[in-house]
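Chemist: The structure's right below; bear with me while I get my questions together.
The values are calculated or read from the model by the stated rules, or taken from the named source; none is laboratory data. Nothing here was measured: the structure is a model prediction, and the numbers come from that model. We place every Cβ from the backbone using ideal geometry, glycine too, and count neighbours over all the protein chains shown. With ligands, DNA and RNA removed, areas are computed over all heavy atoms of the protein, side chains included. Shrake-Rupley method; radii C 1.70, N 1.55, O 1.52, S 1.80 Å.
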Amino acid sequence: AIFRCRFTASGEFPCQVTLSEDAFSGDNRRWMILPIRDSLRIGLYGAETATGRAWKRALQALDWVRLVQLTPDELQTELACDAALLADGDGRTGAGIAGLLAQGGTVVWLPQTNRATASRSPGGAAIPDIAFQPDLSRKIHRLQIAKPDDEMFAIFENGEYGDPARGVFQFRWLFARTAFPHAETILAYDDGVPALLRVKQPGFLYIWNLPLDAESSDWSRQAEYVTLLGELLLSSRSGRRNSPEAEDAFPGQSLTWKAEQEIPAA
(Lines give C-alpha, C1' and ligand atoms only; values in the text may rest on other atoms or scores of the structure.)
Protein backbone atom coordinates (compact mmCIF):
# COMPACT_ATOMS: atom_id res chain seq x y z
CA ALA A 1 0.00 0.00 0.00
CA ILE A 2 1.44 3.34 -1.06
CA PHE A 3 0.10 6.53 0.49
CA ARG A 4 1.26 10.08 0.99
CA CYS A 5 1.26 12.23 4.10
CA ARG A 6 1.65 15.98 3.96
CA PHE A 7 3.17 17.87 6.88
CA THR A 8 2.78 21.59 7.41
CA ALA A 9 5.75 22.05 9.73
CA SER A 10 9.23 20.66 10.26
CA GLY A 11 10.16 18.46 13.20
CA GLU A 12 10.18 14.84 14.30
CA PHE A 13 6.82 13.11 14.19
CA PRO A 14 6.00 9.71 15.74
CA CYS A 15 4.07 7.60 13.24
CA GLN A 16 2.16 4.35 13.59
CA VAL A 17 0.98 2.12 10.76
CA THR A 18 -1.49 -0.65 11.49
CA LEU A 19 -3.10 -3.52 9.63
CA SER A 20 -6.40 -5.15 10.48
CA GLU A 21 -6.23 -7.62 13.36
CA ASP A 22 -5.59 -11.29 12.70
CA ALA A 23 -4.60 -14.39 14.67
CA PHE A 24 -1.06 -13.09 15.24
CA SER A 25 -1.18 -9.50 16.40
CA GLY A 26 2.56 -9.11 16.88
CA ASP A 27 3.22 -7.98 13.30
CA ASN A 28 0.15 -5.82 12.75
CA ARG A 29 1.76 -2.57 13.87
CA ARG A 30 4.90 -0.67 13.04
CA TRP A 31 6.26 2.56 14.47
CA MET A 32 8.85 5.08 13.42
CA ILE A 33 10.02 8.62 14.07
CA LEU A 34 9.67 10.55 10.82
CA PRO A 35 12.00 13.57 10.50
CA ILE A 36 10.51 16.40 8.44
CA ARG A 37 13.06 19.02 7.43
CA ASP A 38 12.59 22.45 5.91
CA SER A 39 15.96 22.44 4.14
CA LEU A 40 18.76 20.27 2.77
CA ARG A 41 22.37 21.01 3.66
CA ILE A 42 24.33 21.22 0.40
CA GLY A 43 28.12 21.54 0.44
CA LEU A 44 29.90 23.35 -2.41
CA TYR A 45 33.61 23.02 -3.15
CA GLY A 46 35.25 25.22 -5.76
CA ALA A 47 32.81 28.12 -5.61
CA GLU A 48 35.44 30.40 -7.20
CA THR A 49 35.42 28.44 -10.48
CA ALA A 50 33.03 29.25 -13.33
CA THR A 51 30.92 26.13 -12.82
CA GLY A 52 31.11 26.62 -9.06
CA ARG A 53 29.73 30.14 -9.39
CA ALA A 54 26.90 28.86 -11.61
CA TRP A 55 26.09 26.14 -9.08
CA LYS A 56 26.16 28.68 -6.25
CA ARG A 57 23.72 31.03 -8.01
CA ALA A 58 21.33 28.16 -8.69
CA LEU A 59 21.51 26.81 -5.13
CA GLN A 60 20.89 30.29 -3.70
CA ALA A 61 17.73 30.48 -5.81
CA LEU A 62 16.30 27.38 -4.09
CA ASP A 63 14.73 28.37 -0.78
CA TRP A 64 14.98 24.84 0.64
CA VAL A 65 18.79 24.71 0.26
CA ARG A 66 21.15 25.56 3.10
CA LEU A 67 24.41 26.27 1.27
CA VAL A 68 27.76 25.50 2.92
CA GLN A 69 31.05 26.28 1.20
CA LEU A 70 33.55 23.47 1.80
CA THR A 71 37.31 23.82 2.35
CA PRO A 72 40.03 21.31 1.39
CA ASP A 73 40.45 20.33 5.04
CA GLU A 74 36.74 19.65 5.42
CA LEU A 75 36.87 17.19 2.51
CA GLN A 76 39.11 15.03 4.68
CA THR A 77 36.61 14.80 7.55
CA GLU A 78 33.07 13.56 7.99
CA LEU A 79 30.76 15.87 6.05
CA ALA A 80 27.54 16.94 7.72
CA CYS A 81 25.84 17.39 4.35
CA ASP A 82 23.05 15.77 2.40
CA ALA A 83 24.94 16.40 -0.84
CA ALA A 84 28.26 17.85 -2.00
CA LEU A 85 28.98 19.55 -5.31
CA LEU A 86 32.64 19.46 -6.38
CA ALA A 87 33.54 22.05 -9.00
CA ASP A 88 37.29 21.84 -8.43
CA GLY A 89 39.98 19.24 -7.81
CA ASP A 90 41.41 16.31 -9.71
CA GLY A 91 39.52 13.51 -8.03
CA ARG A 92 41.60 13.35 -4.83
CA THR A 93 38.53 14.24 -2.89
CA GLY A 94 39.42 12.72 0.47
CA ALA A 95 37.76 10.48 2.98
CA GLY A 96 34.88 12.91 3.52
CA ILE A 97 33.47 12.37 0.04
CA ALA A 98 33.89 8.60 0.22
CA GLY A 99 32.19 8.63 3.62
CA LEU A 100 29.29 10.74 2.36
CA LEU A 101 28.68 8.29 -0.49
CA ALA A 102 28.97 5.30 1.86
CA GLN A 103 26.28 6.81 4.08
CA GLY A 104 23.89 7.24 1.16
CA GLY A 105 24.63 10.89 0.39
CA THR A 106 24.91 12.52 -3.03
CA VAL A 107 28.07 13.79 -4.72
CA VAL A 108 28.10 15.78 -7.97
CA TRP A 109 31.59 15.93 -9.46
CA LEU A 110 32.88 18.01 -12.38
CA PRO A 111 36.11 16.63 -13.93
CA GLN A 112 38.85 19.25 -14.06
CA THR A 113 42.13 17.76 -15.27
CA ASN A 114 43.39 15.37 -17.91
CA ARG A 115 43.95 12.75 -15.24
CA ALA A 116 41.58 12.10 -12.36
CA THR A 117 43.09 10.21 -9.45
CA ALA A 118 40.95 7.91 -7.36
CA SER A 119 40.05 9.01 -3.85
CA ARG A 120 41.20 6.28 -1.49
CA SER A 121 39.63 5.67 1.87
CA PRO A 122 38.95 2.67 4.14
CA GLY A 123 35.73 2.17 2.17
CA GLY A 124 37.47 2.16 -1.23
CA ALA A 125 37.55 4.71 -4.03
CA ALA A 126 34.95 7.45 -4.07
CA ILE A 127 35.67 8.36 -7.69
CA PRO A 128 37.18 5.82 -10.11
CA ASP A 129 40.66 6.34 -11.53
CA ILE A 130 39.89 7.50 -15.06
CA ALA A 131 41.44 9.67 -17.74
CA PHE A 132 39.44 12.66 -18.97
CA GLN A 133 40.53 14.44 -22.13
CA PRO A 134 39.23 17.88 -23.18
CA ASP A 135 37.28 18.01 -26.42
CA LEU A 136 39.07 20.78 -28.31
CA SER A 137 37.04 20.53 -31.50
CA ARG A 138 34.84 23.46 -30.43
CA LYS A 139 31.92 21.92 -32.28
CA ILE A 140 28.47 22.93 -31.05
CA HIS A 141 26.58 20.13 -29.31
CA ARG A 142 23.11 19.92 -27.84
CA LEU A 143 21.76 17.79 -25.03
CA GLN A 144 19.38 14.84 -25.13
CA ILE A 145 17.50 13.23 -22.26
CA ALA A 146 18.83 9.68 -22.11
CA LYS A 147 16.59 8.47 -19.27
CA PRO A 148 13.24 10.26 -19.69
CA ASP A 149 11.48 8.15 -17.03
CA ASP A 150 13.91 9.25 -14.32
CA GLU A 151 12.33 10.91 -11.31
CA MET A 152 14.25 14.16 -11.81
CA PHE A 153 12.42 14.77 -15.13
CA ALA A 154 8.90 14.20 -13.78
CA ILE A 155 8.32 17.91 -13.17
CA PHE A 156 8.97 18.62 -16.88
CA GLU A 157 6.42 16.14 -18.22
CA ASN A 158 3.59 18.59 -18.91
CA GLY A 159 5.87 21.24 -20.41
CA GLU A 160 5.14 23.86 -17.75
CA TYR A 161 8.79 24.00 -16.66
CA GLY A 162 10.26 23.97 -20.16
CA ASP A 163 12.84 21.68 -21.73
CA PRO A 164 15.68 20.64 -19.38
CA ALA A 165 17.90 19.79 -22.38
CA ARG A 166 17.67 23.29 -23.87
CA GLY A 167 21.05 24.91 -24.43
CA VAL A 168 24.24 24.44 -26.44
CA PHE A 169 27.77 23.37 -25.49
CA GLN A 170 31.10 24.08 -27.19
CA PHE A 171 33.28 22.23 -24.69
CA ARG A 172 33.05 18.98 -22.72
CA TRP A 173 35.24 16.15 -21.48
CA LEU A 174 35.84 12.94 -23.41
CA PHE A 175 36.41 9.68 -21.57
CA ALA A 176 35.92 5.95 -21.91
CA ARG A 177 32.32 5.07 -21.10
CA THR A 178 33.55 1.62 -19.99
CA ALA A 179 35.22 3.29 -17.00
CA PHE A 180 31.77 3.44 -15.40
CA PRO A 181 30.29 0.02 -16.29
CA HIS A 182 27.43 0.28 -13.82
CA ALA A 183 26.57 3.92 -14.45
CA GLU A 184 23.27 5.20 -15.79
CA THR A 185 23.40 7.88 -18.49
CA ILE A 186 20.91 10.57 -17.51
CA LEU A 187 21.81 13.24 -20.08
CA ALA A 188 23.87 12.77 -23.24
CA TYR A 189 25.17 14.94 -26.04
CA ASP A 190 23.72 14.60 -29.52
CA ASP A 191 26.65 12.39 -30.56
CA GLY A 192 26.21 10.00 -27.62
CA VAL A 193 28.94 11.33 -25.32
CA PRO A 194 27.63 11.13 -21.72
CA ALA A 195 26.83 14.52 -20.20
CA LEU A 196 25.47 13.36 -16.84
CA LEU A 197 26.16 9.92 -15.39
CA ARG A 198 24.89 8.43 -12.14
CA VAL A 199 26.66 5.71 -10.18
CA LYS A 200 25.05 4.06 -7.13
CA GLN A 201 27.55 3.20 -4.36
CA PRO A 202 25.27 3.15 -2.16
CA GLY A 203 24.80 6.91 -2.36
CA PHE A 204 24.62 8.65 -5.72
CA LEU A 205 27.76 9.81 -7.52
CA TYR A 206 27.00 12.05 -10.49
CA ILE A 207 29.70 12.65 -13.11
CA TRP A 208 28.81 16.17 -14.31
CA ASN A 209 30.26 16.55 -17.81
CA LEU A 210 28.46 19.88 -18.23
CA PRO A 211 30.85 22.85 -17.91
CA LEU A 212 28.89 26.00 -17.15
CA ASP A 213 31.29 28.83 -17.96
CA ALA A 214 30.13 31.28 -20.62
CA GLU A 215 32.78 30.14 -23.11
CA SER A 216 31.64 26.51 -22.88
CA SER A 217 27.84 26.72 -22.85
CA ASP A 218 24.74 28.83 -22.38
CA TRP A 219 22.92 26.14 -20.37
CA SER A 220 23.28 27.87 -17.00
CA ARG A 221 21.43 30.89 -18.43
CA GLN A 222 18.35 28.78 -19.14
CA ALA A 223 15.63 28.76 -16.46
CA GLU A 224 15.32 24.99 -16.79
CA TYR A 225 18.87 24.51 -15.49
CA VAL A 226 17.98 25.71 -11.98
CA THR A 227 14.90 23.50 -11.85
CA LEU A 228 16.84 20.44 -13.03
CA LEU A 229 19.61 20.91 -10.48
CA GLY A 230 16.99 21.15 -7.75
CA GLU A 231 15.19 18.03 -8.96
CA LEU A 232 18.51 16.14 -9.11
CA LEU A 233 19.15 16.89 -5.44
CA LEU A 234 15.59 16.16 -4.34
CA SER A 235 15.27 12.89 -6.25
CA SER A 236 18.60 11.67 -4.86
CA ARG A 237 17.27 11.63 -1.31
CA SER A 238 15.97 8.08 -1.90
CA GLY A 239 19.55 6.88 -1.47
CA ARG A 240 19.96 8.56 1.89
CA ARG A 241 21.76 6.83 4.72
CA ASN A 242 20.37 3.72 6.37
CA SER A 243 21.65 3.87 9.94
CA PRO A 244 21.53 0.89 12.32
CA GLU A 245 18.90 2.76 14.35
CA ALA A 246 16.56 2.61 11.37
CA GLU A 247 16.68 -1.16 10.92
CA ASP A 248 13.49 -3.14 11.39
CA ALA A 249 13.08 -5.61 14.22
CA PHE A 250 10.44 -8.32 14.11
CA PRO A 251 8.57 -10.27 16.81
CA GLY A 252 10.65 -13.14 18.14
CA GLN A 253 13.94 -11.64 16.99
CA SER A 254 16.80 -11.40 19.50
CA LEU A 255 18.21 -7.91 19.93
CA THR A 256 21.54 -6.82 21.40
CA TRP A 257 22.93 -3.45 22.35
CA LYS A 258 26.60 -2.60 22.82
CA ALA A 259 27.39 0.54 24.77
CA GLU A 260 29.83 2.95 23.19
CA GLN A 261 31.69 3.22 26.50
CA GLU A 262 32.10 1.07 29.55
CA ILE A 263 29.21 1.19 32.02
CA PRO A 264 30.39 1.40 35.66
CA ALA A 265 29.10 -1.46 37.79
CA ALA A 266 27.75 1.03 40.33
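Chemist: I'd like to know if the stretch 163-172 contains one or more residues that are among the aliphatic types (A, V, I, L, M), touching a residue at least 12 places away in the same chain (Cβ under 8 Å) and closer than 23 Å to D88 by Cβ.
Modeler: No, the stretch 163-172 contains no residue that is among the aliphatic types (A, V, I, L, M), touching a residue at least 12 places away in the same chain (Cβ under 8 Å) and closer than 23 Å to D88 by Cβ.
Chemist: Another one. Restricting the search to the stretch 131-147, which residues are on the phi < 0 side of the Ramachandran plot, assigned to a loop (DSSP other than H, G, I, E, B) and not aliphatic (A, V, I, L, M)?
Modeler: Residues satisfying the conditions are F132, D135, S137, K139, K147.
Chemist: When only residues in the stretch 184-207 that are open to solvent by 10 Å² or more (accessible area, probe 1.4 Å) and outside any strand (DSSP E or B) count, which is modelled with the lowest pLDDT?
Modeler: The selected residue is Q201.
Chemist: List the strands (runs of 3 or more DSSP E) that sit entirely inside the stretch 1-94 and contain at least 2 residues that are exposed (fewer than 13 other Cβ atoms within 10 Å of the Cβ).
Modeler: 11-18, 29-36
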